[in-house]
Amino acid sequence: MAASLEMQRESVRKQTNSAVPVEESFFTTAWPRSGAPVAAVMPVATAASADCERIPEGQLSAYIEETARKEGFTPDLLRAVIAQESSYLPCAVSPKGAQGLMQLMPATASDLGVQNPFDPEENISAGARFLGRLLTRYGGDLSLALAAYNAGPGRVDSYRGLPPIPETLNYVSSIMQRLQAQPVEMAPLF
């Protein structure tokens, strides 16, 4: 747990240090005025941390293939989601708090029993299970499952289809293009 927390802190420090200052408002905090990088004002558990490096796609290939087979869909789908979500950066943290290769929200990760969302295999396994559940929920409709993965099932259900959220529409379109709109192979339900 401590290692996972430190990876998340380091990722937040990197994102904050690369951010562009914005004028303070009700929704943002004041930008450090001293000009010092945020890492200098944030508590640091270790003196130095290695940068998070992109995992070469081939390094996870066997695990992705095995996980996809277990969930009943093609490895290309998992590869496309990982590429879209995190660009294969295992320490990725979104502005909304999604974590790891498949960008699991903390509550979703917890529901799926994830102990360390930054562990590549654990994150891929949980993300694949979640995606598999969404594919089952939406009768194998890949567009709806991807929209729910991005925006949440509640939004897809409330709109009774793809929610008109530009980020979600771009997300679905991008992954479908990566897959060249190939149908997802699903294992039979019975």
Quiz item: Once you list every other residue whose beta carbon is under 14 Å from the beta carbon of E167, what net charge do they have if Lys and Arg are +1 and Asp and Glu are -1?
Solution: +1
Quiz item: R155 versus E66, label points 7 Å from Cα toward the beta carbon: distance in nm?
Solution: 3.4 nm
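Using the Cβ atoms and a cut-off under 10 Å, what net charge is assigned to the surroundings of L112, where Lys and Arg are +1 and Asp and Glu are -1?
0
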Quiz item: Along the stretch 128-145, what does the Karplus equation 6.51 cos²θ - 1.76 cosθ + 1.60 (θ = phi - 60°) give for ³J(HN,Hα), rounded to whole Hz, x for Gly and Pro?
Solution: 5, 4, 5, 4, x, 4, 5, 4, 5, 4, 9, x, x, 6, 4, 4, 5, 4
Exercise. Pop out the Kirkwood hydrodynamic radius of the stretch 109-182 from its pairwise C-alpha distances, inverse of mean 1/r, in Å to one decimal.
Key: 12.9 Å
Practice problem: With a point put 7 Å past each Cα toward its Cβ, work out how far I55 is from S173 in nm, to one decimal. | Solution: 3.0 nm
Practice problem: Quick one: order R79, R160, R69, R129 from most to least accessible surface, probe 1.4 Å. | Solution: R160, R69, R129, R79
Quiz item: Using the Cβ atoms and a cut-off under 10 Å, what net charge is assigned to the surroundings of R79, where Lys and Arg are +1 and Asp and Glu are -1?
Solution: -2
Exercise. Just subtract the alpha-carbon distance of A107 and T136 from 0.36 nm times their residue separation and send over the number in nm, one decimal.
Key: 8.4 nm
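The values are calculated or read from the model by the stated rules, or taken from the named source; none is laboratory data. This is a predicted model, so every value here is computed, not measured. No Cβ is skipped: glycine too gets one built from the backbone with ideal geometry, and neighbour counts run over all protein chains shown. The accessibility values were calculated without ligands, DNA or RNA, using every heavy atom of the protein model including side chains. Shrake-Rupley method; radii C 1.70, N 1.55, O 1.52, S 1.80 Å.
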